[in-house]
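The values are calculated or read from the model by the stated rules, or taken from the named source; none is laboratory data. Source: prediction; values computed, not measured. Here the Cβ is made from the backbone with ideal geometry for all residues, glycine too, and neighbour counts use every protein chain on show. Surface areas here come from the heavy atoms of the whole protein model, side chains and all, with no ligands, DNA or RNA. Shrake-Rupley method; radii C 1.70, N 1.55, O 1.52, S 1.80 Å.
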Amino acid sequence: MAYDVNAAPDLAALETSLDDAGLKNPFVREYVRYWAEITGAERVEVIGASDDARLIRESLDAGEILPAGDGRYYARSYVKDTARSEERTIVATANPSDKGTYNNWRPSSEMRPLLEKLMRGASAGKTMYVIPYLMAPPGSPLEPYAVGVELTDHRTVALHMIRMARCGVEYVNNLAEPNRFVRGVHVTGDLANLGQGTPADQRYFVTFADERTILHFGSSYGGNALLGKIAHGLRQAAYDGWASGEFLAEQFMLIGITDKQTGRTWHVCGGFPSASGKTNLAMMLAPDGLGDRYHVEFYGDDIAWLRVDPKDGKIYAINPEFGVFGVAKDTNEVTNPTALRAVGPDTQVLFTNVAYNDNSHDVWWEGRTPEPPADVTGWRDWTGQLISERSADEQGKPWAHPNSRFTTSLTSVPNIAPDFAARAGVPIDAVIFGGRTRDREPLIRAITDVAEGVYDGLTLGAEATFAAEGVDGQLRYDPMSMRPFMSYPEGAYAAHWLKIIRAASDQPIFAHVNWFQRDPDDGHFLWPGYRENLRPLLWLLRLRDGEVRGEQTPVGILPTRDELDLDGVDIRPEDLDKILSIDTNRWATEMEHREAHLAQFNGLPEEIWAAHRRVAAALAAAAG
Ligand code: OXD
Ligand code: MN
């Protein structure tokens, strides 16, 4: 299988190794040859899901990963390489009109030579893993956009890819258009000498969107290194969806809700800026207070691709991923029991940068239990330092990195929907947006007008958490939760959204949700959240089905008290009043911020501005 580039520089040997792996696609072979030469990798190895057990063994033997109990594994990343780097992420194309507000656009003529230079010889002495993959359920109508090949010089990255995407040569052999696949190259680089976060930063994470090529240099962590997920699944796919006019690629969770009494199943997808509880919502169980009438099914927690199915004119969504790359922090029996099951024994889960016990092989992270383990024997923090050797100053430091993760396959999630791999995807009844907002945003407000729904997504945001990050009470806007993944101009993005949703004859309802309103005096959360969040969603779906009417406000339709099924919910009446009402004055200030936010975007469709003006006028009228 392996080919030693340096020992045998005749390309015939490389061809033989690709033959042995059953890699038939001539364009993929050509591309592997090209990058093997540039990166100078010592060996080339084509891998797929069936190589997982062997790669795990090799990684354990090499000490790159550690055992974390039966069928569970643990890795640490380099200390300065622990998160996606937005400042170093670039979208490059040949066309300057692709420049948007957030996509950090640069000409590809400038970036391509730079990346090739950085990558030249940078994998010397390493194995280059060739990972053909598919970011879609097999047979999906969107499959032509979903085929890719990642080349990576890092074995742990390969293990992550196998969990997060469908991987194997079968996804690139026998393509109808064999030259149509996303070309991804990941080169780790010399992590100790890349000047991460300094003016001399060497890292570049570039999506050449019009060439369908992704070149990432200088990391081996998360979205910087797993190219199928964010770079292909979001940036490239969003660009492809726009260029083809066929689909939307969004950072959305996707769930199914079944009412067992009526047999009705609905599907909901939606975007939430980070730290707004998206994974918890996606893995939610029905609340005990509602008995066993409802069942919630998991499709995905991070990405959805949406298109109109000509068969019935509905919007259909797929989760292109095959796994969950979830934030570990604060995952526990209350916030997300489903996630704990999904990372249990024999799930083949891979933890990264949580705390690890050398003796018991246990893992722990902040929020896993209220207090860290009392007996610190054998415990090391995410950097590898023994807790017992921490100095007095270091005692308060977290054991796990705040961006520590678990990587597990969809099939390990206990409530995975039986039809999660349905080719067509599932029909969408509701699109929801939700930030973390301590005042103003009610529990839920439904929006039936398409332009107002898209407008609402474009003005999504999360509260700045530190004064330094922004003006108090002002949102850090994160349109559709796509700010870090936007690959083309926002005006065109809004127009594309309107076009896709309007092309559906049966359109989903939109809604904005907020589980995080607080009491201004003592700071307590007004709504209990977590599993109870199913209740406002059920109201929304009933509204769409015409079973409830709600109450129209300037910013959408709110549930009346009696429409919201609150059986068994522990909530004070005054808190309920607050989360089911609108503070018009507070909203008037928000409208000014929104205006400035939207004004940044060139070519924003007039319909979006008209929606903004309608909402502003309705608020002004309500304020009297
Ligand atoms: C992200 C992720 O960075 O999903 O958003 O990993
Ligand atoms: Mn994400």
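Points worth noting:
- Taking (1) open to solvent by 20 Å² or more (accessible area, probe 1.4 Å); (2) at positive phi; (3) hydroxyl-bearing (Ser, Thr, Tyr) in turn, SER481 satisfies each apart from (1).
- Of the residues examined, GLY218 is not one that is small (Gly, Ala, Ser), closer than 21 Å to GLY271 by Cβ and open to solvent by less than 10 Å² (accessible area, probe 1.4 Å).
- TYR530 of a type in the set (Ser, Thr, Tyr) and open to solvent by less than 50 Å² (accessible area, probe 1.4 Å): no
- Exclusive hit being part of a helix (DSSP H, G or I) and either within 16 Å of ligand 2 (Cβ to nearest atom) or open to solvent by less than 10 Å² (accessible area, probe 1.4 Å) (or both), set ALA231, ALA317: ALA231
- When each of GLU563, GLU551 is tested for being open to solvent by 60 Å² or more (accessible area, probe 1.4 Å) and modelled with pLDDT of 95 or more, the lone residue that passes is GLU551.
- All positions within segment 398-419 that are farther than 13 Å from THR338 by Cβ and not in a strand (DSSP E or B): PRO398, TRP399, ALA400, HIS401, PRO402, ASN403, SER404, THR411, PRO418, ASP419
- Which numbered condition ALA275 misses (of (1) part of a helix (DSSP H, G or I); (2) open to solvent by 30 Å² or more (accessible area, probe 1.4 Å); (3) of a type outside the set (D, E, K, R); (4) within 15 Å of ligand 1 (Cβ to nearest atom)): (1)
- Scanning segment 65-104 for residues that are surrounded by 15 or more Cβ atoms within 10 Å (Cβ to Cβ), in a loop (DSSP other than H, G, I, E, B) and within 16 Å of ligand 2 (Cβ to nearest atom) yields a total of 5.
- When GLY289 is tested against the conditions (1) out of contact with any helix residue (DSSP H, G or I) (no Cβ under 7 Å at 6 or more places or on another chain); (2) more than 16 Å from ligand 1 (Cβ to nearest atom); (3) at pLDDT 95 or above, the lone failure is (3).
- Residue match in segment 216-233 (condition: away from ligand 1 (no atom under 16 Å from the Cβ) and modelled with pLDDT of 95 or more): yes
- For THR207, the stated conditions hold: it is within 16 Å of ligand 2 (Cβ to nearest atom), within 28 Å of VAL46 (Cα to Cα), of a type in the set (Val, Ile, Thr) and open to solvent by less than 20 Å² (accessible area, probe 1.4 Å).
- Unique residue being among the small types (Gly, Ala, Ser) and open to solvent by 40 Å² or more (accessible area, probe 1.4 Å) when the list is ALA62, ALA158, ALA136: ALA62
- Boolean, GLY241 is away from ligand 1 (no atom under 16 Å from the Cβ), small (Gly, Ala, Ser), over 30 Å from HIS295 (Cβ atoms) and crowded, with 22+ Cβ neighbours inside 10 Å: yes
- Applying the condition of being small (Gly, Ala, Ser) and outside any helix (DSSP H, G or I) to segment 174-204 and asking which residue is surrounded by the fewest Cβ atoms within 10 Å (Cβ to Cβ) yields ALA176.
- Contact annotation: residue pairs with Cβ atoms under 8 Å, 6 or more positions apart or on different chains, pairing a residue in segment 282-307 that is on the phi < 0 side of the Ramachandran plot with a partner that is within 16 Å of ligand 2 (Cβ to nearest atom) and open to solvent by 30 Å² or more (accessible area, probe 1.4 Å), are ASP301/THR279; ASP302/THR279.
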